[in-house]
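The next block holds one structure in the form of structure tokens; read it before the comments.
The values are calculated or read from the model by the stated rules, or taken from the named source; none is laboratory data. All figures in this text were calculated on a predicted structure; none of them were measured in a lab. Here Cβ is always computed from backbone atoms with ideal geometry, including for glycine, and neighbour counts include all displayed protein chains. These accessible areas exclude ligands, DNA and RNA; they are computed on the full protein's heavy atoms, side chains included. Shrake-Rupley method; radii C 1.70, N 1.55, O 1.52, S 1.80 Å.
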Amino acid sequence: MRISRLIAAAATAILAQIPAVPASAADQLPLDWTISPSRSVPDKVHLEVKYEHGRNRSSHSSPIRMAELQGLTAAQLASAEGGPVRFSLAREAGTLDCQGVMRQRRGTGDCRFSGNAAFADSLARRGIGRPSLRQHFNLTMTDVGTPLLAELDRQGYRKPTLEQLIGLGIHGANVDYLRGLNAAGYRLGDPGKLTAMRIHGVTPDYIRELIAISPSYRGISADDLVAMRIHGISSEKVRGLAQLGYTNLSHGQLMQMAIHGVTTDYVRGMQEAGYRRLSADELVQMRIHGVTPKFVREMADAGYRNLSGQQLLQLRIHGVNADMARRANAAIRN
């Protein structure tokens, strides 16, 4: 925090000594940048670029390779004394020209954005539309370019809107992701569905892992895969159930089990209590009505052993607990 305040306090005086970056007529976005160390990758920094323009607000924050920040050197980044810097980030959709101050791998300043007119023309020719300044900036920051457009065309996707393109970029539905889904058998046609799959973590690896657990998971619809991920059905959970003997569950059964809390721990607990042949549907019904391993043990302690799953279920449905069972047993003996 002390370093950040020092940078902010010095920024005004230092920036006044740096010649302003020329602004074009299209430069209207008041952009601010900050740089901080990337914790995960040594050759990257964490770059955030944001603006507030009327009611429009935008913030893009991600690790970025130092090589992409043209003009910013490793020495400037690591300088203990700090000083003025200028760098640019050039992508197909546009370029950021930035200036500011850096000290000990942290910095702040402002940028000017210049959209690539040729890229805007290309979008218009494709029938997608000509981006506004805000859209052009967002396309640049999410690194949306011709390779993504070409892959969407190659796979027969419907023409995306500009906002759909930005959404694909924001959520990382890039060329590699499209090709991975295609290799797994998924050409969705709808860019919106593609974004939904990426948002909820339906990755090519997830699909391959499910199929490796059981071929019955091949061909699950995109909507069902999204629903499974929304309800927290990871490949690890599916594998855990398979190891307990539930190898060919349908996606519907997996959903019901997840919704009602039939976890691997619950199934294992019921098996340890002597119930190894329960169907997925029986497990769901028992979990809904509170038939737990603890309940089974309590009923056994009260003298009711080797009950069937249906008997246990009926007892819980009718509100019978272990105390009631003990009193009934005592009455019978007397």
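Brief remarks on what is shown
- Only one of the listed residues (269, 274, 240) is small (Gly, Ala, Ser), touching a helix residue (DSSP H, G or I) at 6+ places or on another chain (Cβ under 9 Å), touching a residue at least 24 places away in the same chain (Cβ under 8 Å) and on the phi > 0 side of the Ramachandran plot. That residue is 274.
- Residue that is surrounded by the most Cβ atoms within 10 Å (Cβ to Cβ) [pool: residues in region 124-179 that are among the acidic types (Asp, Glu) and closer than 21 Å to residue 49 by Cβ]: 143
- Entirely in region 165-259, the helices (runs of 4 or more DSSP H) that have 1 or more residues that are hydroxyl-bearing (Ser, Thr, Tyr) and out of contact with any strand residue (DSSP E or B) (no Cβ under 8 Å at 6 or more places or on another chain): 175-183, 191-199, 204-213, 235-243
- Scope region 53-73; condition modelled with pLDDT under 90 and touching a helix residue (DSSP H, G or I) at 6+ places or on another chain (Cβ under 9 Å); matching residues: 53, 56, 58, 62
- When each of 241, 315, 254 is tested for being out of contact with any Lys or Arg (no Cβ under 9 Å at 6 or more places or on another chain) and open to solvent by less than 30 Å² (accessible area, probe 1.4 Å), the lone residue that passes is 241.
- The combined condition, being closer than 30 Å to residue 207 by Cβ and in a loop (DSSP other than H, G, I, E, B), is fulfilled by residue 156.
- Meets criteria (outside any strand (DSSP E or B), at pLDDT 95 or above, of a type in the set (A, V, I, L, M) and more than 16 Å from residue 194 (Cβ to Cβ)) for residue 148: no
- If only residues of region 69-120 that are under 27 Å from residue 135 (Cβ atoms) and hydroxyl-bearing (Ser, Thr, Tyr) are counted, the one that is least open to solvent (accessible area, probe 1.4 Å) is 88.
- Flag for residue 249 being open to solvent by less than 60 Å² (accessible area, probe 1.4 Å) and under 20 Å from residue 232 (Cα atoms): yes
- Residue satisfying condition, being of a type in the set (S, T, N, Q), more than 27 Å from residue 170 (Cβ to Cβ) and under 29 Å from the mean Cα position of the chain (by Cα), within set 195, 247, 203: 247
- Complete set of residues in region 120-141 that are touching a Ser or Thr at 6+ places or on another chain (Cβ under 9 Å) and under 22 Å from residue 87 (Cα atoms): 134, 137, 138, 140, 141
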